[in-house]
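Please treat every number below as a calculation from the coordinates, not as lab data. Keep in mind that this is a model prediction, so the values were computed, not measured. Glycine also receives a Cβ, built like all others from the backbone with ideal geometry; neighbour counts cover every protein chain displayed.
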Amino acid sequence: MNTTIHLEYEGKTARLPLQSPKRAKAEPVIQRRTSSGAVTNARIFNATSKVNPATFTADDLVKSDPELDLSMAGMVADTDLLCPAFLNDAGEVVQDFEEIEVVLGVDGAEKERRPRTNRAANINDVRPLKVGKLMSAEEALTSFVIRAVYQIVHSDGLGHEFLRGLAEKLQNEKSVAVLGAGAKGNLPLVLKEKGSPYRAFLHGEIGEDESYRLLLLLSNQELKLPA
């Protein structure tokens, strides 16, 4: 992931690159080979038919002799030209449907069903994200399930000073900073269009030289004990 985040801290604002953290060690390259040479993955079309492959059996093939369309068999599938289709139990394409969000309680029981909200991305709006109150790193990491981690990086000297100062403060305080969207900085972050909302925290680390690392921690689940 490579995108831009609009951040405000101590009265200063900056638009900064957001990317996946670099691995401490390069991921090993695995090369699959056979006696014929290297093997790569590719999506191709199988023969298409008007039968349900999940329930179709060899006996059905012998008895009904369904008509198969072999004209596309073996052709490479261009994923950019494909789109998902939703089918009902009868195998018919459904065009008019509603997406539902199911909310579960801490005991796993269903609490609520509601229409899915199509949220707009808000990490690079005109209004910047606000760095809020500090929370001890131990409390944050034991109270929330961290679903994703991204690294905020600089692209110039001012960005380096901006981010390193924030990372140094967080390391010295042994804390993470709550990060929020909206006018008051109390709204969850949405990284992409129609994406999920996340509670966000900033975690900073300082190296022995001028190096630093400022991480964006995202959570959509709080750890709570049932009554």
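What to note about this one:
- Rounded to two decimals, the Cα-based Rg/Rh of the stretch 125-227, with Kirkwood Rh, is 0.98.
- Spin-label model, R147/E173: points 7 Å from Cα along the beta carbon direction are separated by 2.5 nm.
- Choice from V103, V145, V178 with maximal GNM fluctuation in the chain (Cα, 10 Å cutoff): V103
- Note on the chain: with a GNM built from Cα contacts shorter than 10 Å, the maximum mean-square fluctuation among Q95, Q171, Q31 falls on Q31.
- Dividing the mean sequence gap of close Cα pairs (under 8 Å, 6+ apart) by how many residues the chain holds gives a relative contact order of 21 percent.
- Projected onto their three principal axes, the Cα atoms of the chain cover extents of 75, 52, 37 Å, largest first.
- Rounded to 10°, Cα long-axis angle of helix 157-173 versus longest principal axis of the chain: 80 degrees
- Residue among K12, K169, K194 with the largest mean-square fluctuation in a Gaussian network model of the chain, springs linking Cα atoms under 10 Å: K12
- Count of lysine pairs in the chain with Cα separation under 20 Å (8 or more residues apart, or interchain): 13
- The alpha carbon gyration tensor of the stretch 92-131 gives principal lengths a ≥ b ≥ c with a/c of 1.5 or higher and a/b no greater than b/c, which makes the shape oblate.
- From the alpha carbon centroid of the stretch 1-40 to that of the stretch 93-129 is 27 Å.
- Spin-label model distance (nm) - A109 vs A85, 7 Å beyond Cα toward Cβ: 4.2 nm
- Theoretical FRET efficiency, 1/(1+(r/R0)^6), r = Cβ-Cβ of V29 and D125, R0 45 Å, to 0.05: 0.70
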